[in-house]
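Working notes for the structure below.
The values are calculated or read from the model by the stated rules, or taken from the named source; none is laboratory data. Because the structure is predicted, anything quoted here is derived from the model rather than measured. Please note: Cβ atoms are built from the backbone with ideal geometry, for glycine as well, and neighbour counts cover all protein chains shown.
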Amino acid sequence: MEYVLKTKDLCKHYKDFKALDGLTMNVPKGSIYGFVGRNGAGKTTLIRLVCGLQMPTGGEFELYGVKCSDKAINESRRRVGAVVESPSLYPDMTAEDNLRYQYRLLGMPDYSGIDELLKLVGLDKTGKKKVKNFSLGMRQRLGIAIALCGDQDMLILDEPINGLDPQGIIEIRELIIKLNRERKITFIISSHILDELSKLATHYGFIDRGRIVREMSAEELEAACRKSLRAEVTDTAALAMVLDKRGEEYTIIDDTHAEIYARPNISDLVFELAEENCKLSSCSEREETLEGYFISLVGGDSNE
Amino acid sequence: MNKLMSADIPRIIKSKILYAALLFTVFLGAASVLVVFTETDDKAAIFAVASNDMVMFLSTLFPVFSGGLSIILIAAEFSSGVIRNKFIMGHSRTSILLSWCALYSVTTIITFVVYFATFFLTLIIKGAVLPDDMGTVFTNIGIIFLFTMKFQLFCLLMTCIYPDAKMAVICYLLNNLTMVPLLLMFMNNGDSTLMKFLARILIFGYTAGDYTLLTKPDKPWLTAICIITLSAVYMILANAYFKRKDLK
């Protein structure tokens with residue numbers, strides 16, 4: 001798998017506070033990487049380091065194969081667009097003027113792509129309306145348009161749906177999916193709104209206290225969170241034999257417990273197990289939510 | 001750096017703050033001549049008196065006014081968060097700093113030109129006699145411009161340390177609080193070697209006493225070198241500080 005961003009033991013310390021404490025993560029090319037963590041877990045700090053706003057105090061990262069200590073890192077950064085915390089816009093300018101400013105910063109030869117960008121984010125009819133009069137959702141979309149100015153290969157969005165109304169959330173979600181599918185743009189989206197992330201992300205990185213506690217694909221997460229039957233039996237080998245015969249998916253947890261990913265008829269199961277001299281002691285239905293899974297990974301304490 | 005300049009100069013040229021500042025500059029340029037006409041009718045002496053008043057304004061208020069304008073324009077980058085876009089696009093910290101330095105120069109030059117244009121135009125319209133030795137006048141204006149630029153770079157250094165529009169007020173206070181003790185020092189010990197040296201880097205020393213734009217400057221090239229050297233030190237310090245600064 002090709003990775004666009006790789007970090008290794010990345011650290012950022014502010015005096016005694018460790019915002020990042022040996023963070024290692026890998027962002028696959030073309031993915032929508034959901035960067036999940038509580039407030040203060042280190043999500044924004046990592047984004048600031050990748051964007052060059054701050055320097056790491058230890059470890060390293062590679063952006064498109066270029067190490068952060070390498071002078072060519074600035075060239076790699078040109079392939080990245082970002083909206084860090086809030087969109088960076090001049091409030092007294094119109095959407096078009098903000099994009100023009102960005103085009104000039106990038107040294108683009110003309111402004112021919114501005115109309116298309118405004119249309120892409122649904123701001124093509126804002127005319128002379130100044131950004132200070134925009135809604136939060138409109139600002140967020142303009143922030144994304146600005147981040148896309150140089151035909152970027154990767155976008156980093158820090159809490160992109162914070163403060164948005166349901167309509168705004170849907171608009172941003174659809175825009176991200178569209179850009180990922182049509183333009184093959186890799187996304188890193190930091191958020192603590194897991195439900196929303198689960199509608200987008202193809203990969204996840206769970207961060208807690210400045211460290212990645214788990215990285216996984218959406219499929220792996222789905223498997224971890226799917227509905228199951230937790231069975232306690234006297235002999236898991238016998239249970240495995242019975243379930244194999246029935247063609248049902250399961251995971252043996254230990255000598256007496258197993259997870260069954262189906263809804264078998266309990267009476268039939270008890271009968272078949274009895275034939276194998278195995279007793280079903282207890283049986284309970286389980287469904288892990290994304291939130292539940294996250295809490296099981298990082299514990300319930302606050303970072304703040 | 002060219003990309004940064006080509007983006008920021010149109011932004012500043014369109015800024016309402018710049019036009020408000022220029023209006024104020026026109027008012028001051030005209031007022032510093034018109035006030036003298038209320039004191040004397042001697043059209044031959046008007047220039048000397050007006051330029052004496054003007055130098056006082058140029059040394060006390062103008063650097064702060066011009067520096068404040070630059071600080072407000074640059075601080076807008078921090079308050080709006082647009083500074084982040086420059087980093088994300090891969091512009092180096094040094095090139096961002098140099099572009100700010102160029103912007104500070106642009107605002108200083110614009111305000112300086114507008115001020116002197118108004119000053120001389122008002123003199124001419126009012127029929128004042130201009131001096132024969134315009135070379136000395138322009139040398140003095142050049143030196144005062146360098147002093148103003150040096151203060152601009154001091155403001156730039158301060159902006160790097162504390163990037164907020166409030167820094168304009170801090171710089172104003174720093175300038176004015178140091179003015180009286182410095183003036184007293186130069187008036188009491190102006191002949192000592194140390195004071196003569198300090199007069200080459202501090203505008204209050206350079207313009208102390210009966211200085212006017214007609215006063216023949218002593219070794220203006222040496223004064224220029226001293227000012228440029230100190231300006232370079234401010235720039236180096238600003239760069240060193242900005243390179244290590246964590247931005248949000």
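Just one of the listed residues (A:Gly37, A:Gly30) is closer than 17 Å to A:Val213 by Cα and touching a Lys or Arg at 6+ places or on another chain (Cβ under 7 Å), namely A:Gly37.
Helices (runs of 4 or more DSSP H) fully within region B:134-248 that include at least 1 residues being within 26 Å of B:Val113 (Cβ to Cβ) and touching a residue at least 40 places away in the same chain (Cβ under 8 Å): B:134-161, B:167-189, B:203-206, B:220-244.
Of all residues in region B:83-103, those that are more than 7 Å from chain A (Cβ to nearest Cβ) and under 15 Å from B:Asp246 (Cα atoms) have Cβ atoms under 9 Å from Cβ atoms of residues that are of a type in the set (S, T, N, Q) and part of a helix (DSSP H, G or I), 6 or more apart or on another chain, in B:Arg93/B:Asn239; B:Thr94/B:Asn239; B:Leu97/B:Asn239.
Would you confirm whether any residue within region A:111-126 is outside any helix (DSSP H, G or I), within 28 Å of A:Asn26 (Cβ to Cβ) and free of Cβ contacts under 8 Å to residues at least 60 places away in the same chain?
Scanning region A:111-126 turns up no residue that is outside any helix (DSSP H, G or I), within 28 Å of A:Asn26 (Cβ to Cβ) and free of Cβ contacts under 8 Å to residues at least 60 places away in the same chain.
Just give me the residues in region B:57-81 being of a type in the set (Ser, Thr, Tyr) and in contact (Cβ under 8 Å) with a residue 12 or more places away in the chain, in sequence order.
Taking region B:57-81 as the starting set, the residues that turn out to be of a type in the set (Ser, Thr, Tyr) are B:59-60, B:66, B:70, B:79-80.
Correct list: B:Ser59, B:Thr60, B:Ser66, B:Ser70, B:Ser79.
When the residues of region B:194-248 are filtered to those that are of a type in the set (Val, Ile, Thr) and in contact with a Ser or Thr (Cβ under 6 Å, 6 or more places away or on another chain), which remaining residue is nearest to the other protein chains (Cβ to nearest Cβ)? If you could, list the steps in order and put the result at the bottom.
Taking region B:194-248 as the starting set, the residues that turn out to be of a type in the set (Val, Ile, Thr) are B:201, B:203, B:207, B:212, B:215, B:223, B:225, B:227-229, B:233, B:236.
The next check asks that each one be in contact with a Ser or Thr (Cβ under 6 Å, 6 or more places away or on another chain); those that pass are B:203, B:207, B:212.
Values: B:Ile203: 34, B:Thr207: 38, B:Thr212: 42 Å.
Per the criteria, the residue is B:Ile203.
Across region B:47-101, the number of residues qualifying as hydrophobic (A, V, I, L, M, F, W, C), closer than 19 Å to B:Ala240 by Cβ and within 22 Å of the chain's Cα centre (by Cα) comes to 6.
Give me a count of the residues in region B:107-147 that are farther than 30 Å from B:Leu73 by Cα and surrounded by fewer than 17 Cβ atoms within 10 Å (Cβ to Cβ).
If we filter region B:107-147 for residues that are farther than 30 Å from B:Leu73 by Cα, which is where we start, we get B:123-137.
Cutting the leftovers down to surrounded by fewer than 17 Cβ atoms within 10 Å (Cβ to Cβ) gives us B:124-127, B:129-135.
Looking only at that region, the number is 11.
So that you can scan it fast, the table gives a plain yes or no per residue for (1) surrounded by fewer than 20 Cβ atoms within 10 Å (Cβ to Cβ); (2) of a type in the set (Lys, Arg):
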{"residue": "A:Asp158", "(1), (2)": "no, no"}
{"residue": "A:Asp165", "(1), (2)": "yes, no"}
{"residue": "A:Ile170", "(1), (2)": "yes, no"}
{"residue": "A:Arg173", "(1), (2)": "yes, yes"}
{"residue": "A:Thr186", "(1), (2)": "no, no"}
{"residue": "A:Leu229", "(1), (2)": "yes, no"}
{"residue": "A:Asp235", "(1), (2)": "yes, no"}
{"residue": "A:Glu249", "(1), (2)": "yes, no"}
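Can you find even one residue in region A:97-120 that is under 22 Å from the mean Cα position of the chain (by Cα), farther than 26 Å from B:Ile9 by Cβ and assigned by TED's automatic domain parsing to the domain that holds A:Thr186? Looking for residues that are under 22 Å from the mean Cα position of the chain (by Cα), farther than 26 Å from B:Ile9 by Cβ and assigned by TED's automatic domain parsing to the domain that holds A:Thr186, one finds none in region A:97-120, hence no. Scanning region A:153-178 for residues that are free of Cβ contacts under 8 Å to residues at least 40 places away in the same chain and either touching a Cys at 6+ places or on another chain (Cβ under 9 Å) or assigned to a loop (DSSP other than H, G, I, E, B) (or both) yields A:Ile161, A:Asn162, A:Gly163, A:Leu164, A:Asp165. Within region A:193-217, residues that are part of a loop (DSSP other than H, G, I, E, B) reach partners that are of a type in the set (Phe, Trp, Tyr) with beta carbons closer than 7 Å, at six or more positions or on different chains, in the pairs A:Ala201/A:Tyr33. Among the residues of region A:60-100, which ones are more than 9 Å from chain B (Cβ to nearest Cβ) and at positive phi? Correct list: A:Tyr64, A:Gly65. Quick check: anything in region A:86-97 modelled with pLDDT of 90 or more, of a type in the set (Gly, Ala, Ser) and assigned to a strand (DSSP E or B)? Among the residues of region A:86-97, not one is modelled with pLDDT of 90 or more, of a type in the set (Gly, Ala, Ser) and assigned to a strand (DSSP E or B), which makes the answer no.
Before we move on, is B:Ile161 within 16 Å of the chain's Cα centre (by Cα), β-branched (Val, Ile, Thr) and over 25 Å from B:Phe138 (Cβ atoms)? Walk me through how you get there before you give the answer.
Values: within 16 Å of the chain's Cα centre (by Cα): no; β-branched (Val, Ile, Thr): yes; over 25 Å from B:Phe138 (Cβ atoms): yes.
Judged against the criteria, B:Ile161 is not a match.
Scanning region B:1-56 for residues that are within 14 Å of another protein chain (Cβ to nearest Cβ), without any contact (Cβ under 8 Å) to a residue 40 or more places away in the chain and not in a helix (DSSP H, G or I) yields a single hit, B:Lys14.
Which residue, of B:Tyr162, B:Tyr115, is farther than 22 Å from B:Leu23 by Cβ and among the aromatic types (Phe, Trp, Tyr)? Walk me through how you get there before you give the answer.
Values: B:Tyr115 fails: farther than 22 Å from B:Leu23 by Cβ.
Step by step, each of B:Tyr162, B:Tyr115 is checked, and only B:Tyr162 is farther than 22 Å from B:Leu23 by Cβ and among the aromatic types (Phe, Trp, Tyr).
So which of A:Gly107, A:Gly127 is away from every other protein chain (no Cβ under 14 Å), of a type in the set (Gly, Ala, Ser) and in contact with a helix residue (DSSP H, G or I) (Cβ under 9 Å, 6 or more places away or on another chain)?
Values: A:Gly107 fails: away from every other protein chain (no Cβ under 14 Å).
Just a single option satisfies the conditions, and that option is A:Gly127.
Comparison of A:Arg181, A:Arg141 shows that the only residue that is within 25 Å of A:Arg78 (Cβ to Cβ), assigned by TED's automatic domain parsing to the domain that holds A:Gly37 and either without any contact (Cβ under 8 Å) to a residue 12 or more places away in the chain or assigned to a loop (DSSP other than H, G, I, E, B) (or both) is A:Arg181. A:Ala231 falls short on exactly one of the conditions (1) assigned to a loop (DSSP other than H, G, I, E, B); (2) in contact with a His (Cβ under 8 Å, 6 or more places away or on another chain); (3) of a type in the set (A, V, I, L, M, F, W, C), and that condition is (1).
From B:Ser105, B:Ser66, B:Ser79, which residue is of a type in the set (Ser, Thr, Tyr), under 28 Å from A:Gly143 (Cβ atoms) and assigned to a helix (DSSP H, G or I)?
Numbers: B:Ser105 fails: under 28 Å from A:Gly143 (Cβ atoms); B:Ser66 fails: under 28 Å from A:Gly143 (Cβ atoms).
Testing whether each residue is of a type in the set (Ser, Thr, Tyr), under 28 Å from A:Gly143 (Cβ atoms) and assigned to a helix (DSSP H, G or I) leaves just B:Ser79.
Assess whether A:Asp195 counts as being at pLDDT below 85, surrounded by fewer than 18 Cβ atoms within 10 Å (Cβ to Cβ) and within 14 Å of chain B (Cβ to nearest Cβ). Even if it seems obvious, please write down each step before you answer.
On the way: at pLDDT below 85: yes; surrounded by fewer than 18 Cβ atoms within 10 Å (Cβ to Cβ): yes; within 14 Å of chain B (Cβ to nearest Cβ): no.
So A:Asp195 does not fit the description; no.
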